[in-house]
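The values are calculated or read from the model by the stated rules, or taken from the named source; none is laboratory data. Since the structure is predicted, the reported quantities are computational estimates derived from the model, not experimental observations. Here the Cβ positions follow ideal geometry from the backbone for every residue, glycine too, while neighbour counts run over all protein chains shown. With ligands, DNA and RNA removed, areas are computed over all heavy atoms of the protein, side chains included. Shrake-Rupley method; radii C 1.70, N 1.55, O 1.52, S 1.80 Å.
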Amino acid sequence: MSDKMHIKLNVNGEDHEFLAEPRDLLIYTLREKLNITGPHVGCDTSHCGACTVTLNGKSVKSCTMFVAQANGAEITTIEGIGQPDALHVLQESFREHHGLQCGFCTPGMITRATKLLEEIPNPTEKEVRFGMAGNICRCTGYQNIVKSILAAASELNAAQEAAE
Amino acid sequence: MIPAAFDYYRPKDVEGVIALLQEHGDDARVLAGGHSLIPMMKLRMAEVPHLIDLQDIAALKGITIDQDTITIGAMVSQHELINHDGLSAAAPILREAALQIADPQVRYMGTVGGNIANGDPGNDMPGLMQCLDAQINLLGPDGSRTVAARDYYEAAYMTDREDDEILISVVFTAPVGGFAYEKQKRKIGDYATAAAAVQIAKVDGKVASASIAMTNLSDVPVWSQGAADELAGSVCETATLKAAVAAMLGDIDPTEDNRGPVAFKRHVAGIILTRAITRAWDRA
Ligand SMILES: Cc1cc2nc3c(=O)[nH]c(=O)nc-3n(C[C@H](O)[C@H](O)[C@H](O)COP(=O)(O)OP(=O)(O)OC[C@H]3O[C@@H](n4cnc5c(N)ncnc54)[C@H](O)[C@@H]3O)c2cc1C
Ligand code: FES
Ligand code: FES
């Protein structure tokens, strides 16, 4: 076993410092060490996107990143996007438009979608599908996920216009 | 899946990387975006006792366009490449190809240098670099050297790069004329069943010159001089397309795997190349 490293992460605005083996994967560190269990492990092979977090402004599959690589990073997980009593527009929209069934993929979907709407604030359906291509859902058939994201985009844009 | 333990380094400059590679030899490997290497380490198909992360090395970042010479640093991500306006104008084939690699999350992490250095026949950048006649800049203990992408690949995962060298950047001349990157895959985000990179320059209504490279149809990318020669002087009519496809089929050597038997791959390669030439010619 190699030596443990001193790791610092800022997750959802909170600083964490701890010792970890460099080989620990970010997803397991978040879930098992920091008890941040919103990001899920679907495939553990970089395919499904259930483990998606935002790291230094990038959408990242946290099953394919060592905690050593993330050292010093700012990370946002679904827990940092909204709370049960204060849902994010995207979360509200997924509820409203039935964008989930079992809900397993949902934290990754919504985390990726927040970034997608930063990249393209007013996406077409095609852009939503292309921008969500790294996230797999085994239940919904995607139709309602796309609908939820498009509806959230309209709502965010309307709110933005009202504010201006 | 938990990889074997390793020591982790994050040097600030290339000299630091070379020193670690010299010190640890075969036991050390560099990490770029990690989206080829980490899956292999998790499967324990790669064991890397000393892992050297390149993320802090400023000299490996950035895209520069100087007149018609384009330089892309090894640590430029696919995401950055896609969103670089100057590059998309100067060499649009890169953006068209990069958008067909993996998915948004993978493109945020995966780098141009990692894709070129990896040596997996399924990677899209190697064929593209051969099409563009890119030069690969390497740095090792004895200094730097340059190798043509067309001479770089020896066999699957075997390249001209020595263990103690790193890939610094790729350089090529901005291509002229029409372009196309066509890729057949089983689903979005998949590696190619067959892919074709085509550049065509047109003068006086005819093909002045062409460059054609194929991906995942041999254990190395295949730059087909024969296919390009068939196009020269033509107006890309049906007979010429057939001749170019025939020449390309003489150069590839696909093997059967979960993407299909050899006959199927050869069939797909022909269709993909025909589409790519047609589209590149339309844009020329
Ligand atoms: C789900 C999924 C789908 C994918 N689909 C595609 C696809 O369709 N097409 C495609 O082309 N790729 C695909 N990839 C691979 C992806 O593009 C990788 O990111 C890329 O192959 C490697 O780049 P990297 O920066 O991640 O390199 P790493 O994984 O960090 O490194 C790969 C190899 O290159 C070496 N290396 C990296 N940088 C250097 C350097 N500067 N000098 C010397 N050696 C270096 C490393 O030591 C390692 O051996 C996919 C990956 C995943 C997970
Ligand atoms: S668990 Fe990370 S992509 Fe599936
Ligand atoms: S809602 Fe079940 S996997 Fe998406």
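Results, tabulated for the structure shown:
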{"quantity": "Residues of segment B:69-90 classified as part of a helix (DSSP H, G or I) and open to solvent by 10 Å² or more (accessible area, probe 1.4 Å), total", "calculated": "8"}
{"quantity": "Any pair with Cβ under 6 angstrom, 6 or more apart, that starts in segment B:43-68 at a residue that is over 30 Å from B:Ala90 (Cβ atoms) and part of a strand (DSSP E or B) and ends at one that is open to solvent by less than 40 Å² (accessible area, probe 1.4 Å) and among the β-branched types (Val, Ile, Thr)", "calculated": "B:Ile52/B:Val17"}
{"quantity": "Test result for B:Val147, assigned to a helix (DSSP H, G or I) and modelled with pLDDT of 95 or more", "calculated": "no"}
{"quantity": "Check on A:Thr106, under 30 Å from B:Leu54 (Cβ atoms) and open to solvent by less than 50 Å² (accessible area, probe 1.4 Å)", "calculated": "no"}
{"quantity": "Scope segment A:55-72; condition more than 8 Å from ligand 2 (Cβ to nearest atom), surrounded by 21 or more Cβ atoms within 10 Å (Cβ to Cβ) and more than 9 Å from chain B (Cβ to nearest Cβ); matching residues", "calculated": "A:Val67, A:Ala70"}
{"quantity": "Residue within segment A:25-33 that is within 10 Å of chain B (Cβ to nearest Cβ), at pLDDT 95 or above, out of contact with any Gly (no Cβ under 7 Å at 6 or more places or on another chain) and open to solvent by 10 Å² or more (accessible area, probe 1.4 Å) present", "calculated": "yes"}
{"quantity": "Only one of A:Ser59, A:Ser46 that is among the polar types (S, T, N, Q) and at positive phi", "calculated": "A:Ser46"}
{"quantity": "Qualifying residues in segment A:34-54 (those that are aliphatic (A, V, I, L, M) and buried (at least 20 other Cβ atoms within 10 Å of the Cβ)) - the one nearest to ligand 2 (Cβ to nearest atom)", "calculated": "A:Ala50"}
{"quantity": "Filtered residues of segment A:42-88 (kept if of a type outside the set (S, T, N, Q), closer than 17 Å to B:Leu31 by Cα and touching a helix residue (DSSP H, G or I) at 6+ places or on another chain (Cβ under 8 Å))", "calculated": "A:Val60, A:Lys61, A:Cys63, A:Met65, A:Phe66, A:Val67, A:Ala70"}
{"quantity": "Counted residues, segment A:119-145 - those being over 22 Å from A:Lys61 (Cβ atoms) and within 16 Å of ligand 1 (Cβ to nearest atom)", "calculated": "0"}
{"quantity": "Subset of segment B:30-48 (residues that are in contact with a helix residue (DSSP H, G or I) (Cβ under 7 Å, 6 or more places away or on another chain) and either within 7 Å of chain A (Cβ to nearest Cβ) or near ligand 1 (Cβ under 6 Å from one of its atoms) (or both))", "calculated": "B:Val30, B:Leu31, B:Ala32, B:Gly33, B:Gly34, B:His35, B:Ser36, B:Ile38, B:Pro39"}
{"quantity": "Within segment B:201-217, tally of residues that are of a type outside the set (S, T, N, Q) and surrounded by 24 or more Cβ atoms within 10 Å (Cβ to Cβ)", "calculated": "6"}
{"quantity": "Residues that are touching a strand residue (DSSP E or B) at 6+ places or on another chain (Cβ under 6 Å) and more than 13 Å from chain A (Cβ to nearest Cβ), drawn from segment B:93-123", "calculated": "B:Ile93, B:Glu96, B:Ala97, B:Val112, B:Gly113, B:Ala117, B:Gly119"}
{"quantity": "Selection count, segment A:37-47, where residues are within 12 Å of the chain's Cα centre (by Cα) and either within 9 Å of another protein chain (Cβ to nearest Cβ) or in contact (Cβ under 8 Å) with a residue 24 or more places away in the chain (or both)", "calculated": "3"}
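Residues are listed down the side, and each one gets a yes or a no for (1) assigned to a helix (DSSP H, G or I); (2) in contact (Cβ under 8 Å) with a residue 24 or more places away in the chain:
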residue: A:Val53; (1), (2): no, yes
residue: A:Ala113; (1), (2): yes, yes
residue: A:Ile149; (1), (2): yes, yes
residue: A:Ser154; (1), (2): yes, no
